[in-house]
1. Name the single residue, out of those in the stretch A:8-52 being within 44 Å of the chain's Cα centre (by Cα), assigned to a helix (DSSP H, G or I) and touching a residue at least 40 places away in the same chain (Cβ under 8 Å), that is surrounded by the fewest Cβ atoms within 10 Å (Cβ to Cβ).
2. Would you be able to say whether some residue in the stretch A:63-73 is more than 22 Å from residue B:57 (Cβ to Cβ) and surrounded by 15 or more Cβ atoms within 10 Å (Cβ to Cβ)?
3. Which of the residues that make up the stretch A:16-66 are at the interface with chain B (Cβ under 8 Å from one of its Cβ atoms) and out of contact with any helix residue (DSSP H, G or I) (no Cβ under 9 Å at 6 or more places or on another chain)?
4. Can you pull out the helices (runs of 4 or more DSSP H) entirely within the stretch A:133-181 that have at least 1 residues that are without any contact (Cβ under 8 Å) to a residue 24 or more places away in the chain and touching a helix residue (DSSP H, G or I) at 6+ places or on another chain (Cβ under 7 Å)?
5. Inside the stretch B:34-54, can you point out the residues that are part of a helix (DSSP H, G or I), in contact with a helix residue (DSSP H, G or I) (Cβ under 6 Å, 6 or more places away or on another chain) and over 15 Å from residue B:79 (Cα atoms)?
6. Among the residues of the stretch B:53-103, what is the count of those that are farther than 21 Å from residue B:27 by Cβ, at pLDDT 90 or above and exposed (fewer than 11 other Cβ atoms within 10 Å of the Cβ)?
7. Considering only the stretch A:67-101, how many residues are out of contact with any helix residue (DSSP H, G or I) (no Cβ under 7 Å at 6 or more places or on another chain), at pLDDT 90 or above and not assigned by TED's automatic domain parsing to the domain that holds residue A:137?
């Protein structure tokens, strides 16, 4: 009986797999060759003929080695997480902040009030509304990038809504702390004001971001990405 | 014999289909396919294992080392729940394609 393990090990020398993985592949392929060899023997072929027949199973060991490497290669989980979540999340956060800064810089300007008691007023609502309009676009971009990297619904949603997380943290953690430690904040605090701030900086921006992403979800459904193969 | 291009595309369907009846090791998969297709589809080692590893990566099949009654350790493949789910639309797609090709071939012959 030929040494099939030795033959496979020699032909696959240098295969780029972890040691235990390479050993498993060698054992499995050698088993296959051994089975084929026994099958030819049972058919009545001479040993030499059987070996020749079995060797026809692989026309190019170099190609086989490359194909096995590529088919067993696993993308590091971190890379996937980065491309599906962290990169689109930080990009949407960055773009949303840049948009807010640009709108504050170049958007609606301060104006002189005709009333003498109010010399200057900043149209905050106009700035906020203009910023809100840009968010669906940013959300769409985040959803597209996450979806293109193979992200599923959860990671797409998390990446798209990431820009509101700092505001959410501010409202849920920063504000209660300020209420405890800062008398000035505590005096000015009211429940309706809290809901206005929460809606303005968390709920509405999140809705705007998701609205942009949602539109794209329908264009590029994230399910069924792992197609088997066509012709 | 079926042209090699079509074979490549149907290979995964063939593997998933034979595994539907139960777990098999690589050599058995190749033999089952050959027998069930009366030799029209034949898998060499070089064609079979890269595909099995790919299907495993896609979680459509799962491979595990098992000991046979004679004490020989073999790597057996079984269809996963995802693989079973995938098989239904895959069969439908290929069946539609073959119907369309048959119609096309019939039309051109007429």
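The values are calculated or read from the model by the stated rules, or taken from the named source; none is laboratory data. Values in this document were obtained by computation on a predicted structure and should not be read as measured data. Neighbour counts run over all protein chains shown; Cβ positions are idealised from the backbone, glycine included.
1. That would be A:21.
2. No, the stretch A:63-73 contains no residue that is more than 22 Å from residue B:57 (Cβ to Cβ) and surrounded by 15 or more Cβ atoms within 10 Å (Cβ to Cβ).
3. The answer is A:24, A:56.
4. A:175-181
5. B:45, B:46, B:48, B:50
6. Residues meeting the conditions: 1.
7. Total satisfying the criteria: 1.
Yes/no per residue for (1) loosely packed, with under 15 Cβ neighbours inside 10 Å; (2) more than 29 Å from the chain's Cα centre (by Cα); (3) under 21 Å from residue A:137 (Cα atoms):
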site	(1), (2), (3)
A:149	no, no, yes
A:152	yes, no, yes
A:162	no, no, yes
A:167	no, no, yes
A:172	yes, no, no
A:177	yes, yes, no
